[in-house]
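Peer 1: Dropping a structure here in structure tokens format, bear with me for questions.
The values are calculated or read from the model by the stated rules, or taken from the named source; none is laboratory data. None of these values were measured; they are calculated from a predicted model. Neighbour counts run over all protein chains shown; Cβ positions are idealised from the backbone, glycine included. All accessible areas refer to the heavy atoms of the entire protein, side chains included, with ligands and DNA or RNA removed. Shrake-Rupley method; radii C 1.70, N 1.55, O 1.52, S 1.80 Å.
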Amino acid sequence: MGGAGLVGLVGGAIDTPALGQPASGAAAATENTAWLQARLDQYCGFGIKASGGPGDAACGAWLEQELSGWGYGRRRQPFDVPYFEIRQATLSSGEAHAQVIPQAIVAPTGPRGLSAPLRLASDRGDLSGAIAVIALPYKRWATLVDPQVARPLAEAFGRGAAAAVLVTTGPTREAIALNVSTHKPAYDRPVAILAPKDVQPFLTAAQEGRDGTLIVDGRGGERTAFNLIARLDRNAPRTLVLSTPRSGWFTCAAERGSGLAVWLWLARWLSQTDHGVNVELVATSGHEYEYLGGEHYLTVAPSPSATALWVHIGASAAARDWHEFGPSLRPLPSADSQRVLTASADIVNSVRAAFQGVSGLEAAYVADRTTTGGELINVLNAGYKSMIGLYGGHRFFHTADDDMRCASGDLVRPIAAAFQAAVETVLA
């Protein structure tokens, strides 16, 4: 993934009105962009954000400090999550050798690995004792519970495969990590993810009936993560809840960082303005485990009857778009439009007006069980009435290349402005 020419492109971004101020020109816009950029840089600097790991914990501590300066009371809600720290994760066959991603919840092979025939699951033949290679169709993949993943994987194990390698065919040719539920039994055999760019020699080996060796070695178990909850209590009868996840498989600069920057912007603004509601913020961990942190937060969140509005800022709020030139990608100054905005029927028209002209978000959908995504699914199912939610899957979503080349303050600024306008209109 190349970043050549990126600075020049970003520098040409179109101006938008300044946040929290009158539309007073380029100086205010530049100041606000710099503020958002600094939060993106800080978040990205914590490195990998796997739930309960050092980066996730450091991010939570940083947010505590930020919110303290704006007058919020803070508390942590701890809970346990699975984890796996890799010593080695590789697939080899003859001269071919590639790194793989151990699929959580990890069933390790041990340091010596598993050596067995490589076989294509699509051939429909006998897989007994084999390493099944499952080439998934093209998609922006996100989760192991997706039927297009779960079904072929279950079939391969049902046909006797000793292990499985998933090839996540997608928009970057990179390996795409998949979220997983802790409420379902984990696979008792190793599963790994192989990048499409590395698959060809292993496809050839499988077609020729050659052996391969899969090594998934490391240390795992459970560790403690925490949701960060912050509150401004204004003795109001109802509360505005503002939620965002902060954890993820990798650095998550655009996937998580762009939404977190918007969340921080709104947190600062809400601390300075009184809309007749209490304000409660939550930055959840456990997102990779099918919104586990969000589930835990619902046990202590304000009740539906005591909640004026729930705003959820999910994945890929403002991620860079890219031009494709064969196998290479070139960065654009515009945002990836593969992001979705939903709102409850009572406020959807106001939300559409606030996001007018914002690519991918200008056509807000009425929030229901078909359109809603991310943690807002559980909020909807829990009976909350008025809500706004964003989710998406940008090009480098769930890949190790989701770094600061995928995010910038210029891209975040119009999203923050639109969310602020929507919240202000709804609470008015």
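Peer 1: Do any residues in the stretch 175-194 that are without any contact (Cβ under 8 Å) to a residue 24 or more places away in the chain have Cβ atoms under 8 Å from those of residues that are of a type in the set (D, E, K, R), where the two are at least six apart or on different chains, and which pairs are they?
Peer 2: Qualifying pairs under 8 Å: none.
Peer 1: Now for a different question. Which members of the stretch 364-422 meet the condition of being charged (D, E, K, R) and either outside any loop (DSSP other than H, G, I, E, B) or without any contact (Cβ under 8 Å) to a residue 40 or more places away in the chain (or both)?
Peer 2: Once the filter is applied, which keeps residues that are charged (D, E, K, R) and either outside any loop (DSSP other than H, G, I, E, B) or without any contact (Cβ under 8 Å) to a residue 40 or more places away in the chain (or both), the stretch 364-422 yields D368, R369, R405, D410, R413.
Peer 1: Quick one: count up the residues across the stretch 94-145 that are open to solvent by less than 10 Å² (accessible area, probe 1.4 Å), among the small types (G, A, S) and part of a strand (DSSP E or B).
Peer 2: Within the stretch 94-145, residues that are open to solvent by less than 10 Å² (accessible area, probe 1.4 Å), among the small types (G, A, S) and part of a strand (DSSP E or B) number 3.
Peer 1: Being at pLDDT 95 or above and within 26 Å of E288 (Cα to Cα): is that true of A421 here?
Peer 2: no
Peer 1: To continue, here is another question. Are any of the residues in the stretch 335-344 modelled with pLDDT of 95 or more, assigned to a strand (DSSP E or B), under 20 Å from the mean Cα position of the chain (by Cα) and not hydrophobic (A, V, I, L, M, F, W, C)?
Peer 2: Yes: the stretch 335-344 contains one or more residues that are modelled with pLDDT of 95 or more, assigned to a strand (DSSP E or B), under 20 Å from the mean Cα position of the chain (by Cα) and not hydrophobic (A, V, I, L, M, F, W, C).
Peer 1: Would you pick out the residues in the stretch 163-173 that are crowded, with 21+ Cβ neighbours inside 10 Å and either in a loop (DSSP other than H, G, I, E, B) or more than 21 Å from the chain's Cα centre (by Cα) (or both)?
Peer 2: If the condition is that a residue be crowded, with 21+ Cβ neighbours inside 10 Å and either in a loop (DSSP other than H, G, I, E, B) or more than 21 Å from the chain's Cα centre (by Cα) (or both), then A163, A164, V165, T168, G170, P171, T172 are the ones that fit.
Peer 1: Which one of these is out of contact with any His (no Cβ under 6 Å at 6 or more places or on another chain) and surrounded by fewer than 16 Cβ atoms within 10 Å (Cβ to Cβ): A29, A61?
Peer 2: Exactly one of A29, A61 is out of contact with any His (no Cβ under 6 Å at 6 or more places or on another chain) and surrounded by fewer than 16 Cβ atoms within 10 Å (Cβ to Cβ), namely A61.
Peer 1: Of the residues V149, V145, only one is out of contact with any Lys or Arg (no Cβ under 9 Å at 6 or more places or on another chain) and of a type outside the set (S, T, Y); which?
Peer 2: The match here is V149.
Peer 1: Within the stretch 266-301, which residues are closer than 27 Å to S334 by Cβ and open to solvent by less than 10 Å² (accessible area, probe 1.4 Å)?
Peer 2: L266, A267
Peer 1: Go through (1) within 15 Å of A121 (Cβ to Cβ); (2) among the hydrophobic types (A, V, I, L, M, F, W, C); (3) surrounded by 15 or more Cβ atoms within 10 Å (Cβ to Cβ) and name the single condition I176 misses.
Peer 2: With respect to (1) within 15 Å of A121 (Cβ to Cβ); (2) among the hydrophobic types (A, V, I, L, M, F, W, C); (3) surrounded by 15 or more Cβ atoms within 10 Å (Cβ to Cβ), I176 is out only on (1).
Peer 1: Pairs only if they're at least six apart or on different chains, beta carbon under 7 angstrom, first in the stretch 157-172 and in contact (Cβ under 8 Å) with a residue 40 or more places away in the chain and closer than 19 Å to A142 by Cβ, second open to solvent by less than 10 Å² (accessible area, probe 1.4 Å) and among the hydroxyl-bearing types (S, T, Y); list them, first residue then second.
Peer 2: Close Cβ pairs satisfying both conditions: T172/T399.
Peer 1: Tell me, which residue of the stretch 35-85 that is within 21 Å of the chain's Cα centre (by Cα) and of a type in the set (F, W, Y) is nearest to L292 (Cα to Cα)?
Peer 2: Restricting to residues being within 21 Å of the chain's Cα centre (by Cα) and of a type in the set (F, W, Y), the top hit is F79.
Peer 1: Only residues in the stretch 114-129 that are at positive phi count as the first member; pair them with residues that are in a loop (DSSP other than H, G, I, E, B), Cβ under 7 angstrom, at least 6 apart or cross-chain, and list the lot.
Peer 2: Short answer, once both residue conditions are applied: G129/G160; G129/A162.
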